[in-house]
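Colleague: Just dropping this structure here.
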Amino acid sequence: MGNTAAPPSGQICVGVKELWKIFGPNAEQLLHSERRFDSKEKILEETGCVVALRDIAFEVRRGEFFVIMGLSGSGKSTLIRCLLRLIEPTAGQMFVNGEDICSYDELQLMDMRRHTTSMVFQHFGLFPHRSVINNVAYGLKVRGVGEQQRYERAREVIAKVGLKGWEEYLPSALSGGMQQRVGLARALATEPEILLMDEPFSGLDPLIRRQMQDELAELQAEVQKTIVFVTHDLHEALKMGNRIAIMRDGEIIQVGTPEDIITVPSDAYVREFVQDASPAKVLTAGTIMEQPNVLLYEWQGPKAALHILATTGLQNVFLVGHRGKLLGLVTLERLRELIKKKGNSLRDALEPDLLTCTRDTIVEDLFPLAASTSYPIPVVDEKGEFAGEIHISTILSSMIQRQEVDAHQVQREGENRDDGGVGEEHHG
Amino acid sequence: MVEFPQFLQVPLGDWVDAIMSWVLTTWGAGFDAVGGAILFVLLNIERFFLWLPWTVVVVVTGVVAWQAMRLWWAGLIMVAFLVLIGSFGLWNLAMMTLAIIFASVVISLVVGIPTGIVMARSNIVERLLKPILDGMQTMPSFVYLIPALMLFGLGKVPAVFATVIYAVPPVIRLTNVGIRQVPHSVVEAAQAFGSSSRQILFEVQIPLAIPSIMVGINQTTMMALAMVVIASMIGAMGLGMEVLIAINRIEIGRGFEAGLCIVLLAIIIDRITHAMAARQQHTVTT
């Protein structure tokens, strides 16, 4: 799952500072007046200008999957087009690999588009008169790569997106999902560093969309591109993104990891968005796990263990070994048996078939585990070390409480939302 | 108040005469050169059409029609039409007409397609050209004979000149429309991959405008045919001349034969170019 990987902490790959895009006459004039911070509606009424992007700033690290989420009209498509200068921003700075791309001339811009970036479009943007292979090879052709070489590469990428055998068909012969695979293959063929995706899956039906999301996540794990992904679908954002920027009316109102967004929505707007997102899909075992009061250690004797259980009133306790390595679960019943048989290693009092999960396991995936056991579920890290435990009751209460709290807060803040308590968390 | 007052009359005709004679004395050599070049091309085309054995013309037309329309009997009908023209004894005149049409269409395309491209790429050019093209198409075709006659005298060259002016608007217009109709999303995708504007034009816009351009070629060809008939009034030999003579001498039968031949020729050219345009449409949209 995309959101379970920790955000990479590499260099900044794409940076945007104080970016503005204003459509309409006198855009420049508006930009330099104080009125630019008025509401969108007011500006439109008074000046005839549409503020599409307002003081945007964010940074994307190398290898990061960065999602820009917002409803239609929030400016997210304009923003992603500005990154390629398909739309010229009115003001601001944009950096790609540390270079200011706003100062690029035509040639430099063309060079960047040919070598550094690629884009996948919502409506695919395929060339209807070109066969699949010629669509995929287009970026290479434009770059001047020889015919044999570009077809070779195109075939490779086509196979990678699962379209082998469709090379000679025209796009119109393909279903929507397949067409977007062509779009993806075309973008990957040039081996770009940065992949820009403008709602690539929103035109597809839900089943295909999920499938494509999973495949993209897999592909990303393999190729580790820097991805800027635009969507209006919160679930998609939470599923795919390392970090998410939420946009409204041309502004970024919150940037954070999926968990930040769900657990600490910056204002009522985000909370409302998040409200219908099931926490089970976002919360991970690591966030809801608890530290047990008591642990047993390998080197303790059975009698000592029994004493601990008796004094704490517990029915079962996890057993850990050296360096905190999880060995299993000791139950009161088995412990008594062990003592009866005069055994002296707690390892012989373990419950068989222990189910474990990692910090990154999504709560939703804990449900089947929780259903199949009556014991708490231990959380372990990569080295097998014990990190915490999760009780079934914890899972349920974490979800129920959160929803109740959210509902109350939204209700309360919904009443005075227009006062504009928005935007404190501007630049993440 | 019955007669229109003398003092309100404008001697526009005199002015035009003055302008034209100025143009001719100043640029006369230029027009002669252009006229000579057109005549040279035209004569060779005409010689070629007259040299072609009629059997070859008939067979080639039949095969092309069959291939374009994908109907064997359509090819046979075209063959029958051509044989009919020959049987009226009007073969050579028909070939002369065809030669002028051919030359006019080639010149129209050479001028029209690039003009259409420029028009599609510049809103200013479009705004300038549109009223001119509208004017050219609303003006009665006779009117074009006058400047052609003045600039090039009598004969085939002014006929071609007048025909080109009359026939060129559709191909300009439809090239323009075809390129402008290419979906923005597709052009944007080409841009996003770093295409130069030349690459966008030749790799994306023109290929996608081909069906529209083909319709333009079809219309231009049909208008050229119509104009060639009229251009016989300024001395273009061909079927039109035959009709003109028949009118002057009130020889109804002769006029009917020539008129029928023009209709047959029109059907043949229209059906074939139309089918070609339709097939282009097919390959691009499906």
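The values are calculated or read from the model by the stated rules, or taken from the named source; none is laboratory data. All of these numbers come straight from a predicted model, not from anything done at the bench. Positions of Cβ are backbone-derived with ideal geometry, glycine not excepted, and every protein chain shown enters the neighbour counts.
Colleague: Of all the helices (runs of 4 or more DSSP H) wholly in region B:64-165, which have at least 2 residues that are charged (D, E, K, R), more than 18 Å from the chain's Cα centre (by Cα) and farther than 25 Å from B:Val41 by Cβ?
Modeller: Those helices (runs of 4 or more DSSP H) span B:123-138.
Colleague: Would you point out the residue of region A:83-110, among those that are facing chain B (nearest Cβ under 10 Å) and not in a loop (DSSP other than H, G, I, E, B), that is surrounded by the most Cβ atoms within 10 Å (Cβ to Cβ)? Before the answer, list the steps.
Modeller: Taking region A:83-110 first, the residues facing chain B (nearest Cβ under 10 Å) are A:84-87, A:106-107, A:109-110.
Right, trim to not in a loop (DSSP other than H, G, I, E, B) and you get A:106-107, A:109-110.
Numbers: A:Glu106: 9, A:Leu107: 9, A:Leu109: 17, A:Met110: 20.
Across region A:83-110, the extreme among qualifying residues is A:Met110.
Colleague: I've got another one for you. (1) surrounded by fewer than 17 Cβ atoms within 10 Å (Cβ to Cβ); (2) more than 14 Å from chain A (Cβ to nearest Cβ): which one isn't true of B:Ile272, the others all being true?
Modeller: (1)
Residue by residue, here is whether (1) at pLDDT 90 or above; (2) of a type in the set (Ser, Thr, Tyr) holds:
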| site | (1), (2) |
| --- | --- |
| B:Gln199 | yes, no |
| B:Val204 | yes, no |
| B:Ser212 | yes, yes |
| B:Ile217 | yes, no |
| B:Ala236 | no, no |
| B:Gln280 | no, no |
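Each row is one residue, and each column tells you yes or no for (1) assigned by TED's automatic domain parsing to the domain that holds A:Asp233; (2) more than 20 Å from A:Leu196 (Cβ to Cβ); (3) among the charged types (D, E, K, R); (4) surrounded by fewer than 21 Cβ atoms within 10 Å (Cβ to Cβ).
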| residue | (1), (2), (3), (4) |
| --- | --- |
| A:Lys21 | no, no, yes, no |
| A:Asn26 | no, yes, no, yes |
| A:Leu30 | no, yes, no, no |
| A:Arg35 | no, yes, yes, yes |
| A:Leu44 | no, yes, no, yes |
| A:Ala57 | no, no, no, yes |
| A:Ile68 | yes, no, no, no |
| A:Ser72 | yes, no, no, yes |
| A:Lys76 | yes, no, yes, no |
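Colleague: Shifting gears a bit: Give all pairs with beta carbons closer than 9 Å in which a residue from region B:241-252 that is under 20 Å from B:Asn92 (Cα atoms) meets a residue that is exposed (fewer than 14 other Cβ atoms within 10 Å of the Cβ); count only pairs at least 6 apart in sequence or on separate chains.
Modeller: B:Ala246/B:Ile252; B:Ala246/B:Gly253; B:Ala246/B:Phe256
Colleague: Quick test of your reading of the structure: A:Ser72 fulfils all but one of (1) among the small types (Gly, Ala, Ser); (2) within 9 Å of chain B (Cβ to nearest Cβ); (3) assigned to a loop (DSSP other than H, G, I, E, B). Name the failing condition by number.
Modeller: (2)
Colleague: Can you name the condition, by its number, that B:Leu265 falls short on among (1) in contact (Cβ under 8 Å) with a residue 60 or more places away in the chain; (2) within 30 Å of A:Glu168 (Cβ to Cβ)?
Modeller: (2)
Colleague: Still on this structure, please answer the following. Give me the pairs, please: first residue somewhere in region A:365-384 and on the phi > 0 side of the Ramachandran plot, second residue anywhere and at pLDDT 80 or above and surrounded by 15 or more Cβ atoms within 10 Å (Cβ to Cβ), beta-carbon distance under 7 Å, and either six or more positions apart or on two chains.
Modeller: Listed by first residue and then by second, the contacts come to A:Gly384/A:Leu326.
Colleague: May I pose another question? For region A:259-293, what are the residues that are at pLDDT below 75 and closer than 19 Å to A:Leu396 by Cα?
Modeller: Matches in region A:259-293: A:Val274, A:Gln275, A:Asp276, A:Ala277, A:Ser278, A:Pro279, A:Ala280, A:Lys281, A:Val282.
Colleague: Looking only at helices (runs of 4 or more DSSP H) that fall completely inside region B:169-268, which ones have 1 or more residues that are among the aliphatic types (A, V, I, L, M) and away from chain A (no Cβ under 14 Å)?
Modeller: Once the helices (runs of 4 or more DSSP H) in region B:169-268 are filtered for at least 1 residues that are among the aliphatic types (A, V, I, L, M) and away from chain A (no Cβ under 14 Å), what remains is B:206-231, B:239-249.
Colleague: On the basis of being surrounded by 14 or more Cβ atoms within 10 Å (Cβ to Cβ) and without any contact (Cβ under 8 Å) to a residue 40 or more places away in the chain, does B:Ile77 make the cut?
Modeller: yes
Colleague: Tell me, yes or no, whether region A:209-219 has at least one residue that is touching a helix residue (DSSP H, G or I) at 6+ places or on another chain (Cβ under 6 Å) and either basic (Lys, Arg) or within 14 Å of chain B (Cβ to nearest Cβ) (or both).
Modeller: Among the residues of region A:209-219, not one is touching a helix residue (DSSP H, G or I) at 6+ places or on another chain (Cβ under 6 Å) and either basic (Lys, Arg) or within 14 Å of chain B (Cβ to nearest Cβ) (or both), which makes the answer no.
Colleague: So, A:Leu314, is that one in the same structural domain as A:Gly388 (by TED's automatic domain parsing) and part of a strand (DSSP E or B) or not?
Modeller: Answer is no for this residue.
Colleague: Working only within region A:317-363, note down all residues that are closer than 17 Å to A:Glu385 by Cα, part of a loop (DSSP other than H, G, I, E, B) and of a type outside the set (D, E, K, R).
Modeller: Selection gives A:Gly321, A:Leu354, A:Leu355, A:Thr356, A:Thr361.
Colleague: Separate question: Is one or more of the residues making up region A:295-307 of a type in the set (Lys, Arg) and under 26 Å from A:Phe58 (Cα atoms)?
Modeller: To start, the set of residues in region A:295-307 that are of a type in the set (Lys, Arg) comprises A:303.
Of the ones still in play, those that are also under 26 Å from A:Phe58 (Cα atoms) are none.
Looking for residues that are of a type in the set (Lys, Arg) and under 26 Å from A:Phe58 (Cα atoms), one finds none in region A:295-307, hence no.
Colleague: Additional query: Can you tell me which residue among B:Ile179, B:Ile247, B:Ile210, B:Ile272 is among the aliphatic types (A, V, I, L, M) and closer than 30 Å to B:Ile146 by Cα?
Modeller: Result: B:Ile247 is the single residue among B:Ile179, B:Ile247, B:Ile210, B:Ile272 that is among the aliphatic types (A, V, I, L, M) and closer than 30 Å to B:Ile146 by Cα.
Colleague: Can I ask one more? Yes or no: region A:228-239 includes at least one residue that is under 30 Å from A:Tyr151 (Cβ atoms) and either buried (at least 21 other Cβ atoms within 10 Å of the Cβ) or free of Cβ contacts under 8 Å to residues at least 60 places away in the same chain (or both).
Modeller: Yes, because at least one residue in region A:228-239 is under 30 Å from A:Tyr151 (Cβ atoms) and either buried (at least 21 other Cβ atoms within 10 Å of the Cβ) or free of Cβ contacts under 8 Å to residues at least 60 places away in the same chain (or both).
Colleague: Continuing with this model, one more query. Looking only at region A:172-198, how many residues end up being surrounded by 21 or more Cβ atoms within 10 Å (Cβ to Cβ) and closer than 16 Å to B:Ser185 by Cα?
Modeller: 10
Colleague: Limited to region A:375-389, what total is found for residues that are of a type in the set (D, E, K, R) and either modelled with pLDDT of 90 or more or touching a Leu at 6+ places or on another chain (Cβ under 9 Å) (or both)?
Modeller: The qualifying residues number 1.
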